[in-house]
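Right, one structure below, let's go through it.
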Amino acid sequence: MKIALLSRNKNLYSSKRLIEAAESRGHEVRVLDVLRCYMNITSSRPSIHYKGEELADFDAVIPRIGASVTFYGTAVVRQFEMMGVYPLNESVAISRSRDKLRSLQLLSRKGIGMPISGFANKPDDIEDLIKMVGGAPLVIKLLQGTQGIGVVLAETKSAAKSVIESFFGLNASVLVQEFIKEAGGADIRCFVVGERVVAAMKRQGAEGEFRSNIHRGGSAELVTLTAEERKTALRAANTMGLNVCGVDILRAERGPVVMEVNSSPGLEGIENATGKDIAGDVIRFIEKNAKKGKTGTKGGHK
Ligand code: ADP
Ligand code: MG
């Protein structure tokens with residue numbers, strides 16, 4: 001197969017491992033910087049161009065789209081779909097999961113466990129919003145944040161109020177969420193490939209830190225999932241429409257609650273923590289599923 005890997009840097013661990021896994025199985029991989037892909041959106045003959053050359057004959061595309069380039073990146077993935085190239089994750093699914101609010105709404109419709117969450121627009125409604133999610137302590141999240149930046153724990157009601165007010169003052173959209181204290185600063189990353197959770201790790205935040213992000217000094221270790229956690233992760237992936245993703249779960253007293261679903265999950269932490277060949281799982285999934293024109297968005301019905 002000829003596979004396009006959309007990545008801004010071929011030397012990143014995840015890119016290197018995917019290239020290695022694909023080449024060792026006899027595939028050809030071309031790494032493309034998504035921001036250098038430009039598109040000709042012509043009736044009946046959509047095409048993608050790269051540094052002066054027209055791209056052709058790809059069987060599959062692996063999108064690894066950074067959060068900061070979601071808009072342009074998903075447009076490029078959609079263009080590949082229009083050309084009949086099989087996407088590991090579809091553009092609509094990527095856009096859906098990038099929007100924290102939209103994701104939670106979809107998960108809630110399916111009855112999947114999640115922290116009680118609220119969303120409002122006007123300072124007048126802050127009091128009631130705080131009450132609605134169960135009062136302080138509570139977590140306030142910038143809708144556009146990643147890597148733990150923009151996630152704040154407000155210990156008291158007055159702290160919550162002033163933080164929300166200041167975000168509103170900056171015209172930023174925030175999500176207000178029940179604080180799952182019993183998670184103890186840890187979360188579980190479930191790595192989903194197709195209909196399977198192929199690996200899982202527990203990430204523990206640094207001493208005194210409620211955020212478990214590795215970028216915030218968290219550390220990872222192996223974890224065994226309960227049947228309920230496994231089922232929750234698969235249902236969340238399915239709801240987002242993602243074939244390959246990282247589902248982040250908190251262990252709440254009432255059971256697993258989903259925090260977010262990541263459409264470009266990194267391989268380094270999870271392969272190191274589990275010793276598994278996840279890049280190989282991803283490539284095997286593509287071998288099994290890639291077919292020309294097999295994209296849900298092609299007919300424009302989603
Ligand atoms: P980001 O997209 O920036 O990673 P997350 O929603 O994943 O934002 O939050 C970052 C971290 O903060 C999580 O990994 C988790 O450890 C902690 N966290 C987030 N929401 C809650 C919550 N409602 N209760 C307890 N801890 C939380
Ligand atoms: Mg996170």
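Numerical summary
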{"quantity": "Cα-derived Rg to Rh of the range 52-144, Kirkwood definition", "calculated": "1.15"}
{"quantity": "Estimated 222 nm signal from helices in the chain, with DSSP H stretches of n ≥ 4 weighted -39500 (n - 2.57), rounded to 500", "calculated": "-9500 deg cm²/dmol"}
{"quantity": "Accessible area expressed per residue, the range 41-120, with surrounding protein chains retained (probe 1.4 Å, Å²)", "calculated": "43"}
{"quantity": "Unit charges on C-beta of K, R, D, E only; dipole of the chain, Debye", "calculated": "740"}
{"quantity": "5 Å binning of all Cα-Cα separations within the range 42-197, expressed as whole percents from 0 upward", "calculated": "1, 7, 14, 17, 16, 12, 10, 8, 7, 5, 3, 1"}
{"quantity": "Proportion of all alpha-carbon pairs of the range 238-289 beyond 19 Å (%)", "calculated": "40"}
{"quantity": "Sorted largest first, extent of the range 117-179 alpha carbons per principal axis (Å)", "calculated": "27, 22, 17"}
{"quantity": "Straight-distance crosslink candidates among aspartates and glutamates, where the alpha carbon sits under 15 Å from LYS288 and sequence neighbours closer than 8 are dropped", "calculated": "ASP59, GLU195"}
{"quantity": "Set of lysines with alpha-carbon distance to LYS181 below 22 Å, sequence-local pairs under 8 removed", "calculated": "LYS100, LYS131, LYS141, LYS157, LYS161, LYS202"}
{"quantity": "P(r), alpha carbons of the range 131-232 - 5 Å bins starting at zero, rounded %", "calculated": "2, 12, 18, 19, 18, 16, 8, 5, 2"}
{"quantity": "Accessible area per residue in Å² at 1.4 Å probe, computed on the range 182-289", "calculated": "43"}
{"quantity": "Volume per residue that the Cα convex hull of the range 2-96 spans, once the total is divided by residue count, Å³", "calculated": "96"}
{"quantity": "Formal net charge of residues neighbouring ASP248 (Cβ-Cβ distance under 12 Å; K, R +1; D, E -1)", "calculated": "+3"}
{"quantity": "Distance from the range 59-136 to the range 154-227 (C-alpha centre basis), Å", "calculated": "16"}
{"quantity": "Relative packing of 146-156, 259-269, which averages over residues the other C-beta atoms within 10 Å, highest first", "calculated": "259-269, 146-156"}
{"quantity": "The chain: radius of gyration over Cα atoms, expressed as a fraction of 2.2 N^0.38 Å", "calculated": "1.04"}
{"quantity": "Computed lengthening from ALA206 to ARG284, 0.36 nm per intervening residue step minus Cα-Cα distance", "calculated": "24.5 nm"}
{"quantity": "Sulfur and carbon atoms: percent of accessible area, the chain [1.4 Å]", "calculated": "48"}
{"quantity": "Rg in Å to one decimal, and Dmax rounded to a whole Å, for the range 182-289 via C-alpha atoms", "calculated": "13.3, 45"}
{"quantity": "Backbone HN-Hα couplings from phi across the range 158-174 [Karplus 6.51/-1.76/1.60, Hz, Gly and Pro as x]", "calculated": "5, 5, 4, 4, 6, 5, 4, 4, 5, 4, 4, x, 8, 6, 9, 8, 10"}
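The values are calculated or read from the model by the stated rules, or taken from the named source; none is laboratory data. All of these numbers come straight from a predicted model, not from anything done at the bench. Because the Cβ atoms are built from the backbone with ideal geometry, glycine has one as well, and the counts that use them run over all protein chains shown. Surface areas here come from the heavy atoms of the whole protein model, side chains and all, with no ligands, DNA or RNA. Shrake-Rupley method; radii C 1.70, N 1.55, O 1.52, S 1.80 Å.
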